[in-house]
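Have a look at this one before I ask anything.
The values are calculated or read from the model by the stated rules, or taken from the named source; none is laboratory data. Keep in mind the model is a prediction, meaning the values are calculated, not measured. All Cβ positions, even for glycine, are placed from backbone atoms using ideal geometry, and neighbour counts span all protein chains on display.
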Amino acid sequence: MAESLPPTKSPKPVQQLAAEACKQVPENYIQSKDADIQPSCPLLDLASIDLSLLSSSTPSPAREKELSKLRSTLSSCGCFQAINHGISDDFLDKVGEIGKSFFALPMEEKQKYGRSPDDTEGYGNDSVLSEHQILDWTDRLYLTVSPEEQIKYNLWPANPENFREVLKEYIKKLTALNELLLKAIALSLNLEENSFVNQFGDRDRASKVARFNFYPPCPSPDLVLGVKPHADGTVLTFLLQNKDVEGLQVLKDGQWFRVPIVPYAIVVNVGDQAEIMTNGVLKSPVHRVVTNTERERNTLAVFFCPDSNSEIGPVEKLITEERPRLYRNTRNFVGLFFQNYQQGKRPLDVVRI
């Protein structure tokens with residue numbers, strides 16, 4: 001096992017490595033031979049879920065069909081393309097542009113928002129926690145957006161000027177979609193519709209984090225990953241993909257699949273906390289990001305988690321003789337996630353019975 005070290009100074013930004021036209025990737029970015037990196041693996045036949053049908057309060061055959069499709073995709077591969085979500089194409093373009101504009105700033109400007117070695121928030125890349133850690137080929141801007149008293153506005157870029165306004169509005173829209181989907185997922189499992197909403201605790205203290213991701217071209221995409229394989233520690237994650245550059249892959253039935261790009265759809269996946277709440281009925285998908293030699297890629301992931309003081313656990317109705325309780329109740333699962341992620345361990349295993 002690698003020797004544990006206190007967090008050290010961040011590595012050089014990946015964007016800077018790429019700009020220096022490095023033809024040889026530093027050794028601490030190269031994955032082991034068993035990583036099985038396949039930039040051109042098969043395309044995933046990923047379900048599109050029409051959120052306009054789920055938002056209807058009136059039962060209808062179309063709504064029931066969509067709920068059935070939602071349960072099927074979340075119990076088989078854990079993710080879907082959200083369409084007809086009510087967020088305009090023009091606004092999603094603005095959301096994508098604020099991230100792209102930030103990463104296009106001069107390095108000295110971006111460094112004003114650099115994260116400290118002992119923190120995850122701000123501009124930077126992986127925290128180095130062990131001497132043999134393999135790093136991701138990505139730079140990030142990682143920002144808490146809720147609860148309000150935990151927001152570090154000093155890390156929110158002043159340029160582009162509309163950054164704060166656009167991000168706040170986007171989070172407001174996603175918060176409504178998060179609640180809509182939590183209720184829809186509960187109904188799809190024949191549960192009372194607030195079964196998962198209630199586990200979020202105080203809604204004003206629910207944890208929401210935005211992570212802007214920048215993946216520069218990489219000279220060795222067969223050896224390097226943009227993000228190492230992991231499952232999210234969330235209840236739900238909303239990913240706004242780059243409009244024309246693929247990279248996300250999902251592990252399904254032991255095989256890696258490329259996630260297709262559907263223009264202006266939002267990729268939604270359940271995280272480990274949803275798997276716990278559903279007693280393993282829904283599957284938190286292991287996923288990764290591959291790189292390419294030609295084009296940069298910008299994405300934005302927004303993570304939704306309960307209030308850290310709120311206890312989560314399997315809904316009682318989903319514990320049966322055929323499916324006994326699989327997970328213990330737990331608080332602050334995100335803390336477990338960060339303790340285990342960089343070591344390549346699944347935090348879900350820590351709370352498994």
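Return the residues of segment 181-236 that are out of contact with any Cys (no Cβ under 9 Å at 6 or more places or on another chain), among the polar types (S, T, N, Q) and not in a loop (DSSP other than H, G, I, E, B); say none if nothing qualifies.
Selection gives S188, N198, Q199, N213.
For the subset of segment 150-173 comprising residues that are out of contact with any Lys or Arg (no Cβ under 8 Å at 6 or more places or on another chain) and touching a residue at least 60 places away in the same chain (Cβ under 8 Å), which member is surrounded by the fewest Cβ atoms within 10 Å (Cβ to Cβ)?
E169
Quick check on my filter: what residues within segment 151-174 are part of a helix (DSSP H, G or I) and touching a strand residue (DSSP E or B) at 6+ places or on another chain (Cβ under 7 Å)?
L155, L167, I171, L174, listed by residue number.
Out of the residues in segment 217-226 that are of a type outside the set (D, E, K, R) and surrounded by fewer than 22 Cβ atoms within 10 Å (Cβ to Cβ), which is nearest to Q16 (Cα to Cα)?
So, considering only residues that are of a type outside the set (D, E, K, R) and surrounded by fewer than 22 Cβ atoms within 10 Å (Cβ to Cβ), the one nearest to Q16 (Cα to Cα) is P217.
When you go through R115, R71 one by one, which is the residue that is among the basic types (K, R) and either in contact with a strand residue (DSSP E or B) (Cβ under 8 Å, 6 or more places away or on another chain) or closer than 21 Å to Y264 by Cβ (or both)?
R115
Please go through segment 139-153 and pick out each residue that is under 20 Å from K228 (Cα atoms) and among the hydrophobic types (A, V, I, L, M, F, W, C).
Listed by number, the list holds a single entry, L141.
Could you tell me which residue of segment 264-312 is surrounded by the fewest Cβ atoms within 10 Å (Cβ to Cβ), considering only residues that are free of Cβ contacts under 8 Å to residues at least 60 places away in the same chain and of a type in the set (G, A, S)?
G280
Just to be sure, is A184 farther than 29 Å from N298 by Cα, in contact with a helix residue (DSSP H, G or I) (Cβ under 8 Å, 6 or more places away or on another chain) and either modelled with pLDDT of 95 or more or crowded, with 22+ Cβ neighbours inside 10 Å (or both)? Reasoning before the result, please.
Values: farther than 29 Å from N298 by Cα: yes; in contact with a helix residue (DSSP H, G or I) (Cβ under 8 Å, 6 or more places away or on another chain): yes; either modelled with pLDDT of 95 or more or crowded, with 22+ Cβ neighbours inside 10 Å (or both): yes.
For A184, the condition - farther than 29 Å from N298 by Cα, in contact with a helix residue (DSSP H, G or I) (Cβ under 8 Å, 6 or more places away or on another chain) and either modelled with pLDDT of 95 or more or crowded, with 22+ Cβ neighbours inside 10 Å (or both) - is met.
Can you tell me how many residues in segment 210-227 are modelled with pLDDT under 95 and hydroxyl-bearing (S, T, Y)?
Number of matching residues: 1.
Within segment 43-60, count every residue that is in contact (Cβ under 8 Å) with a residue 40 or more places away in the chain and either aromatic (F, W, Y) or surrounded by fewer than 12 Cβ atoms within 10 Å (Cβ to Cβ) (or both).
Matching residues across segment 43-60 total 1.
Is it fair to say S40 is in a loop (DSSP other than H, G, I, E, B) and either modelled with pLDDT under 90 or over 23 Å from the mean Cα position of the chain (by Cα) (or both)? Write out each step before concluding.
On the way: in a loop (DSSP other than H, G, I, E, B): yes; either modelled with pLDDT under 90 or over 23 Å from the mean Cα position of the chain (by Cα) (or both): yes.
The answer is yes for S40.
What pairs come out if I take residues in segment 68-90 that are more than 26 Å from L318 (Cα to Cα) and pair them with residues that are of a type in the set (D, E, K, R) and surrounded by fewer than 22 Cβ atoms within 10 Å (Cβ to Cβ) whose C-beta lies under 7 Å away, six or more apart or interchain?
Close Cβ pairs satisfying both conditions: I83/D50; N84/D50; I87/K173.
Which of (1) surrounded by 19 or more Cβ atoms within 10 Å (Cβ to Cβ); (2) modelled with pLDDT under 95; (3) more than 27 Å from P147 (Cβ to Cβ) does G233 not meet, given it meets every other one?
The failed condition is (3).
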